[in-house]
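S.K.: Right, I'll just put the structure down here and ask away after.
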Amino acid sequence: MTFNNRIALVTGAGRGIGKAIAETLSQNGVTVICVSKSPESCGSVAAAITAAGGKAEAVPVDVSDGPAVAKAAETLLAKHGKIDILVNNAGITRDGLIARMSGDDWNAVIQTNLTSCFHWCKAIGWPMCRARYGRIINITSVVGLVGNAGQANYAAAKGGMIAMTKSLAREFARRGVTVNAVAPGFIKTDMTAVLSEEIRKIAVAQVPMQRMGEPADIANMTAYLASEEAGYITGQIFTVDGGMAM
Ligand code: NAP
């Protein structure tokens, strides 16, 4: 994979999949801006990348806060002159059957997973268009493709990301900016660690490969889509799930 002095911004880079994406991009020579909610988590990932000889900085921002995202993007664009790669990965779950799902749980999941993509794509997507180069990768979920009982809010957010990916791919195609999504299946991170052993067994039983994926599985696909070589791929959703949603 080739990356020509590229600068990437990865949201949710403090842990799990986002951390693996930040590390993989950095190992390929990309300068990585690590965004997470808490300064500690993005700070420790950026420090580890720097200690390993890479280039990274930490930017704590609540991605659901539109004005905060716009301000952070403006500051970063003024500092670096450009951001070539945007990975919208930050996400949360607030699971529950709809009868018991509160409005707060609905809104928190939509705002953190979906509206955050709107904020970042608006703030960084247009400068990419003006520069005639960009790679946007949205981390959605197989749940956004097939749905899941108890996750109406999360499925709606992830399905919205898929539709948004295809729409922005059409908007940005003539300006050299690709927009794709990666749909992970069941991956070993803090998000799935909170599930009971019973739920985890049921989920793994639905995976033809009979095991959970690793954050690196998602990071490798994301890095490819972020590379120079992926320049003729846009508007696509890449499922990385051990065959779960065939
Ligand atoms: P995770 O381990 O829970 O990490 C989530 C990351 O998102 C953390 O760094 C967290 O920041 C950040 N984040 C959450 N809310 C934020 C906010 N409001 N502002 C800024 N950052 C915020 O999650 P993961 O499993 O790696 O998941 C990453 C993405 O993959 C998510 O979009 C998730 O929906 C998707 N996904 C995961 C799986 C899976 O099986 N794990 C499957 C399909 C899709 P802090 O570190 O500061 O808390």
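S.K.: Tell me the carbon and sulfur percent of the accessible area for the stretch 119-194, rounded to whole percent, probe radius 1.4 Å.
M.R.: 53 percent
S.K.: Whole percent per 5 Å bin, from 0 to the bin with the longest distance: what is P(r) over all C-alpha pairs of the chain?
M.R.: Spelled out per bin, shortest first, that is 1, 7, 14, 19, 21, 17, 11, 6, 2, 1, 0.
S.K.: Given a 1.4 Å probe, how much area per residue of the stretch 176-221 is accessible, in Å²?
M.R.: For the stretch 176-221, the solvent-accessible area averages 52 Å² per residue.
S.K.: What accessible surface, in Å², does a 1.4 Å probe find on Ser41, ignoring ligands, DNA and RNA and rounding to the nearest 10?
M.R.: In the full protein context, Ser41 sits at about 20 Å².
S.K.: What is the magnitude of the charge dipole of the chain about its Cα centre, with +1 placed on the Cβ of each Lys and Arg, -1 on the Cβ of each Asp and Glu, and no other charges, expressed in debye to the nearest 20?
M.R.: With only Lys, Arg, Asp and Glu charged at Cβ, the dipole is about 640 debye.
S.K.: Find, among the chymotrypsin sites (Phe, Trp or Tyr not before Pro) in the stretch 147-246, those assigned to loop by DSSP (not H, G, I, E, B) with at most 16 other beta-carbon atoms within 10 angstrom.
M.R.: Here the chymotrypsin sites (Phe, Trp or Tyr not before Pro) that fit, given the DSSP loop and packing criteria, are Tyr232.
S.K.: Can you give the Rg and Dmax of the stretch 1-47 based on its C-alpha atoms, in angstrom?
M.R.: Expressed in Å, the Cα Rg and Dmax of the stretch 1-47 come to 10.1, 31.
S.K.: A follow-up question, please. Based on DSSP H runs of at least 4 residues, each adding -39500 (n - 2.57), what is the mean residue ellipticity at 222 nm of the chain after dividing by all its residues, to the nearest 500 deg cm²/dmol?
M.R.: Taking each H run of at least 4 residues, the total per residue is -13000 deg cm²/dmol.
S.K.: Turning to a different aspect of this structure: Given Cα positions, please report Rg to Rh for the stretch 140-246, the hydrodynamic radius being the Kirkwood one.
M.R.: 1.01
S.K.: Kindly write out, for the stretch 168-179 in residue order, the coupling ³J(HN,Hα) from the Karplus curve 6.51 cos²θ - 1.76 cosθ + 1.60 (θ = phi - 60°), rounded to whole Hz, with x marking Gly and Pro.
M.R.: 3J(HN,Hα) across the stretch 168-179, in whole Hz: 5, 4, 5, 5, 9, 4, 6, 10, x, 10, 9, 9.
S.K.: Same structure, new question: Based on the Cβ-Cβ distance from Ala48 to Leu195, what FRET efficiency comes out when R0 is 25 Å, to the nearest 0.05?
M.R.: Result of the calculation: an efficiency of 0.40.
The values are calculated or read from the model by the stated rules, or taken from the named source; none is laboratory data. Given the structure is predicted, the values throughout are model-derived calculations rather than measurements. Cβ atoms come from the backbone with ideal geometry, glycine included; neighbour counts cover every protein chain shown. With ligands, DNA and RNA removed, areas are computed over all heavy atoms of the protein, side chains included. Shrake-Rupley method; radii C 1.70, N 1.55, O 1.52, S 1.80 Å.
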